[in-house]
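Novice: Dropping a structure here in structure tokens format, bear with me for questions.
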Amino acid sequence: MKTENNESGSFFRVAEGVWGVKDVMVNVYLIANPDKSWVLIDTGLKSAFEKIKTAAAELFGEGVPPVAVVLTHGHFDHVGSLEAIIREWGVPVYAHFLETPYLTGKSDYPPADPNAGGGLLSLVSGLYPNDSIDLIDAVKSLPLDGHIPFMPEWAYIHTPGHSPGHISLWRETDRVLVAGDAFVTTRQESVFSVLTQRKVISGPPKYFTCDWYQADKSVNALADLSPEVVATGHGKPMEGREMRQQLMDLALNFADRALPRHGRYVANPAVTNRDGVVSLPNVPSSPDAAWALLSSVAVIALGCVYFSLQRSRREQLSLPSFS
């Protein structure tokens, strides 16, 4: 098993036995066990699978599958390649029991909140899928005691808020925290921050967080662990004193640093239970809703223009020269 040399550039090191793979704007993690088996944490978008296989082959050997997949949560950008992984590797998938309704076809997630603010990625979040996937034959509930099957060095912590059954993973021996989207190390709502990947401890992505009271409690619980290294669903890993100071500042000042000024779930959360969504707060009447729709249309239009220009440019470059 390779631990230092990243010949393909397909992964980045987080800590001893922990590596990450970035897929567009989201991270997945590959974690080694003492017996040299490994576990995959989240699965990224659909485009992530080939990247995961490339990194796994370099780290663990060609054709060595994970012994399990563990999901921090099941939003679309964390389960995009899950079906392909199950088809090819046939491994069990573990999630918190409050997350399983959205992974077994019982319930869709609470819709995204374009009014939550923070940047363009929030404004266009009405376009993000919140549909349930149905993997009832593969998905298993994690034990209630914090134990994670196939991960003897790790425990999980229930960190709801961003989603009802969100979890974070904790290795006590060296204080490594895989936080999922309970908090992140970039401003995920901002296109500029996502592109530059400037390191900054931020609250959970605003557009999908459906219970801000629980999100606040979860950040405080993780800050109380005083981690040495954090790896999150979005952004680069951070470590050391500055990271801990930023995380504690977020915890102590959550209302100012993370809570949106307005939005669907700010005053009232989505009500959920073990079967999924029970009720949703009303969509606030706000001019931002119209602005979000117009922005979404504009982004799609600009994307179409961009790809059309790129295609035209490639076609021009491929034309034969008659001079």
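Novice: Considering Pro237, Pro227, Pro269, which residue is surrounded by 14 or more Cβ atoms within 10 Å (Cβ to Cβ), of a type outside the set (D, E, K, R) and within 21 Å of Ala112 (Cα to Cα)? Steps first, answer last, please.
Specialist: On the way: Pro237 fails: within 21 Å of Ala112 (Cα to Cα); Pro227 fails: within 21 Å of Ala112 (Cα to Cα).
Testing whether each residue is surrounded by 14 or more Cβ atoms within 10 Å (Cβ to Cβ), of a type outside the set (D, E, K, R) and within 21 Å of Ala112 (Cα to Cα) leaves just Pro269.
Novice: Which residue pairs have Cβ atoms closer than 6 Å, lie 6 or more positions apart in sequence or on different chains, and pair a first residue in region 173-185 that is aromatic (Phe, Trp, Tyr) with a second residue that is modelled with pLDDT of 95 or more and not in a loop (DSSP other than H, G, I, E, B)?
Specialist: Phe183/Val219
Novice: How many residues are farther than 23 Å from Pro129 by Cα, buried (at least 18 other Cβ atoms within 10 Å of the Cβ) and of a type outside the set (Gly, Ala, Ser) when one looks only at region 8-39? Lay out the reasoning, then the answer.
Specialist: We begin by selecting, within region 8-39, every residue farther than 23 Å from Pro129 by Cα; these are 8-20, 30-39.
If we keep only those that are buried (at least 18 other Cβ atoms within 10 Å of the Cβ) as well, we get 10-11, 14-15, 17-20, 30-32, 38-39.
Applying the additional criterion that residues be of a type outside the set (Gly, Ala, Ser) yields 11, 14, 18-19, 30-31, 38-39.
The qualifying residues number 8.
Novice: Quick one: Arg244 ticks every box in (1) at pLDDT 95 or above; (2) surrounded by fewer than 16 Cβ atoms within 10 Å (Cβ to Cβ) bar one, so which box is it?
Specialist: (2)
Novice: Moving on to the next point. Select from region 98-126 the residues that are modelled with pLDDT under 95 and either within 17 Å of the chain's Cα centre (by Cα) or in a loop (DSSP other than H, G, I, E, B) (or both) and list them in ascending order.
Specialist: Scanning region 98-126 gives Gly117, Gly118, Gly119, Leu121, Ser122, Val124, Ser125.
Novice: Moving to a separate point now. Which of the numbered conditions does Ser132 fail, given that it passes all the others? Conditions: (1) in a loop (DSSP other than H, G, I, E, B); (2) out of contact with any Phe, Trp or Tyr (no Cβ under 6 Å at 6 or more places or on another chain); (3) closer than 18 Å to Leu45 by Cα.
Specialist: Among (1) in a loop (DSSP other than H, G, I, E, B); (2) out of contact with any Phe, Trp or Tyr (no Cβ under 6 Å at 6 or more places or on another chain); (3) closer than 18 Å to Leu45 by Cα, the lone unmet condition for Ser132 is (2).
Novice: Considering only residues that are of a type outside the set (Gly, Ala, Ser) and surrounded by fewer than 16 Cβ atoms within 10 Å (Cβ to Cβ), look in region 47-60 and name the one that is farthest from Leu103 (Cα to Cα).
Specialist: Our first condition is that a residue be of a type outside the set (Gly, Ala, Ser); within region 47-60, this holds for 49-54, 58-60.
Next cut, surrounded by fewer than 16 Cβ atoms within 10 Å (Cβ to Cβ) only: 50, 54.
Numbers: Glu50: 22, Thr54: 26 Å.
Checking each candidate, the answer is Thr54.
Novice: When region 90-117 is examined, which residues are found to be buried (at least 19 other Cβ atoms within 10 Å of the Cβ), touching a strand residue (DSSP E or B) at 6+ places or on another chain (Cβ under 9 Å) and of a type outside the set (Ser, Thr, Tyr)?
Specialist: Within region 90-117, Val93, Ala95, His96, Leu98, Glu99, Pro101, Leu103, Pro110 qualify.
Novice: Could you tell me which residue of region 8-35 is nearest to Gly240 (Cα to Cα), considering only residues that are among the charged types (D, E, K, R) and either touching a helix residue (DSSP H, G or I) at 6+ places or on another chain (Cβ under 9 Å) or in a strand (DSSP E or B) (or both)? If you could, list the steps in order and put the result at the bottom.
Specialist: Filtering region 8-35 for residues among the charged types (D, E, K, R) gives 13, 16, 22-23, 35.
Checking the rest, the ones that are also either touching a helix residue (DSSP H, G or I) at 6+ places or on another chain (Cβ under 9 Å) or in a strand (DSSP E or B) (or both) come to 13, 22-23.
Details: Arg13: 15, Lys22: 22, Asp23: 25 Å.
Step by step, filter region 8-35, then rank; the result is Arg13.
Novice: Between residues in region 44-58 that are touching a residue at least 24 places away in the same chain (Cβ under 8 Å) and residues that are surrounded by fewer than 20 Cβ atoms within 10 Å (Cβ to Cβ) and acidic (Asp, Glu), which pairs lie under 7 Å by C-beta distance while being six or more apart or on different chains?
Specialist: Pairs that qualify, where the first residue is touching a residue at least 24 places away in the same chain (Cβ under 8 Å) and the partner is surrounded by fewer than 20 Cβ atoms within 10 Å (Cβ to Cβ) and acidic (Asp, Glu), are Glu58/Glu7.
Novice: Something else now. Return only the number of the condition from (1) modelled with pLDDT of 95 or more; (2) under 22 Å from Gln188 (Cβ atoms) that Asn273 does not satisfy.
Specialist: (2)
Novice: From Val93, Val21, Val69, grab the single residue that is of a type in the set (Val, Ile, Thr), touching a residue at least 40 places away in the same chain (Cβ under 8 Å) and within 22 Å of Trp170 (Cα to Cα). It would help to see each step written out before you state the result.
Specialist: Working: Val21 fails: touching a residue at least 40 places away in the same chain (Cβ under 8 Å); Val69 fails: touching a residue at least 40 places away in the same chain (Cβ under 8 Å).
Just one listed residue meets the conditions, Val93.
Novice: Return the residues of region 151-174 that are hydroxyl-bearing (Ser, Thr, Tyr) and within 18 Å of Asn273 (Cα to Cα); say none if nothing qualifies. Before the answer, list the steps.
Specialist: Here is the first cut: in region 151-174, the ones hydroxyl-bearing (Ser, Thr, Tyr) are 156, 159, 163, 168, 173.
Within region 151-174, Thr159, Ser163 qualify.
Novice: Could you grab me the full set of residues in region 135-179 that are assigned to a loop (DSSP other than H, G, I, E, B), closer than 30 Å to Gly263 by Cβ and of a type in the set (Val, Ile, Thr)?
Specialist: Thr159
The values are calculated or read from the model by the stated rules, or taken from the named source; none is laboratory data. Quick caveat, the model's predicted, so the values are computed rather than measured. With ideal geometry, Cβ positions are generated from the backbone for all residues, glycine too; neighbour counts draw on all protein chains shown.
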